[in-house]
Amino acid sequence: MTALTTDVKVLVIGAGAMGSGIAHVAAAAGHAVYLYDTRAEAVEKGRDGIARDLRFLAARGKLAEAEADATLARVIPVTELAAARDAGLAIEAIVENLDVKQKLFRALEDLLDADAILATNTSSLSITQIGAALDRPERLAGLHFFNPAPRMKLVEIVSGLATTRALADTLYETAKAWGKVPVHATSTPGFIVNRVARPYYAEALRVLGERAADPATLDAALRDGCGFPMGPFELMDLIGHDVNFAVTRSVFDAYFGDKRFTPSLIQQELVAAGRLGRKSGRGFYDYA
Ligand code: NAD
């Protein structure tokens, strides 16, 4: 199986933290990338973020100026999905909600060619269940990047019950061609990394709830004592509490309420208060 060639246009839906990072990766690999979001300002902000990252890389000598300019020129902001109907690969990175994702994929099925590949960056929802809403679920797979997508190497290629092996292999080779380290996984709640990482966040939130120490102390302990690149609280602030909480809830529900995955009331409060982490300027830490 071979990677998608760079003449295949990519459509990224959702221009938030993940969508803009994924658009950056695909454009850097040579694809023209349509970047779409229901909020026009998110598309603008997403493209500005890519421009900033590229300038930073160029300033540090990690990327030629001309390459940075060419990469940015390949990112095409669109305000209507219909403008991207010639895309051969659609990667969805919108809100972590089954109904909303199913609705979007049904629209994509109508819009795109029959041989276009549909991929979701969901962190925890079942690929099989998302695909159940489609006429042709065999062309849907998980293409799960990590945050920040341009820097994190791992990509989980997640197959639902209907996903063909050929499709998963094409995505695997494509992720490799994009400079990533892909792994195959089948669709289980949280896949590999988000499943195993759940207890890391949950236990840290419990320790905080018991007032063992403040978030900065706990983060430093986990960084310096265990060699994690980021402590759990700064990592949750980076991921976004809305996203992280939704993932925990989804894994908890998928395992029929298994107590090991019980969502945290502390995190629920942060979400309720709009303290979503870096993206809102405040979470466990202040970013203002
Ligand atoms: P985000 O909140 O930063 O961005 C989501 C974007 O999607 C927003 O700009 C929103 O306007 C847009 N959107 C919502 N509904 C839409 C729709 N119907 N059509 C088009 N755009 C729509 O979220 P994020 O952190 O980028 O997460 C996106 C997805 O990626 C989620 O499924 C999440 O679980 C997954 N994910 C997140 C992380 C992370 O660390 N944040 C890591 C891996 C995967």
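Every number here is computed from the coordinates shown, using simple stated rules; none is lab data. Computed from a predicted model, the values in this text were never measured in an experiment. Methodologically, a virtual Cβ is constructed for each residue, glycine included, from the backbone with ideal geometry; neighbour enumeration extends over all protein chains shown.
Of the GluC sites (Glu not before Pro) found in region 39-134, those that fall in a DSSP loop while having at most 11 other beta-carbon atoms within 10 Å are Glu80. Backbone amide hydrogens, once placed in the peptide plane, bring Thr120 within less than 5 Å of Glu92, Ala141, Gly142, Leu143, excluding anything fewer than 5 places away on its chain. Phi angles of region 197-210 translate, via the Karplus equation with coefficients 6.51, -1.76, 1.60 and θ = phi - 60°, into HN-Hα couplings of 7, 3, x, 4, 5, 4, 5, 4, 5, 5, 4, 5, x, 7 Hz per residue; Gly and Pro are given as x. Extension gain for Val100-Ala288 works out to 64.6 nm (0.36 nm per residue, less the C-alpha to C-alpha distance). Extension gain for the segment Gln268 to Arg206, taken as residue separation times 0.36 nm less the Cα-Cα distance, is 21.0 nm to one decimal. Here the relative contact order of the chain, from alpha carbon pairs under 8 Å that lie six or more residues apart, stands at 15 percent. Counted over region 193-280 with a bin width of 10 Å, the fraction of Cα pairs per bin, in whole percents, is 17, 52, 29, 2.
On the beta carbon distance between Ala213 and Lys153, with R0 = 35 Å, the FRET formula returns roughly 0.65. The tail of the calculated P(r) for the chain, taken as Cα-Cα distances beyond 24 Å, holds 51 percent of the pairs. If you keep only loop residues by DSSP, which GluC sites (Glu not before Pro) in region 144-249 have at most 14 other Cβ atoms within 10 Å of their Cβ? The qualifying sites are Glu210. Pairs over the 23 Å Cα-Cα cut-off, from the set Lys9/Lys176; Lys62/Lys176; Lys45/Lys176; Lys45/Lys180; Lys9/Lys101: Lys45/Lys176; Lys45/Lys180.
Label positions at Val193 and Arg260, each projected 7 Å from the Cα along the C-beta direction, are separated by 2.0 nm.
Note on region 10-186: dipole from Cβ charges, positive end direction compared against Ala83, Gln102, Gly14; the farthest Cα belongs to Gly14.
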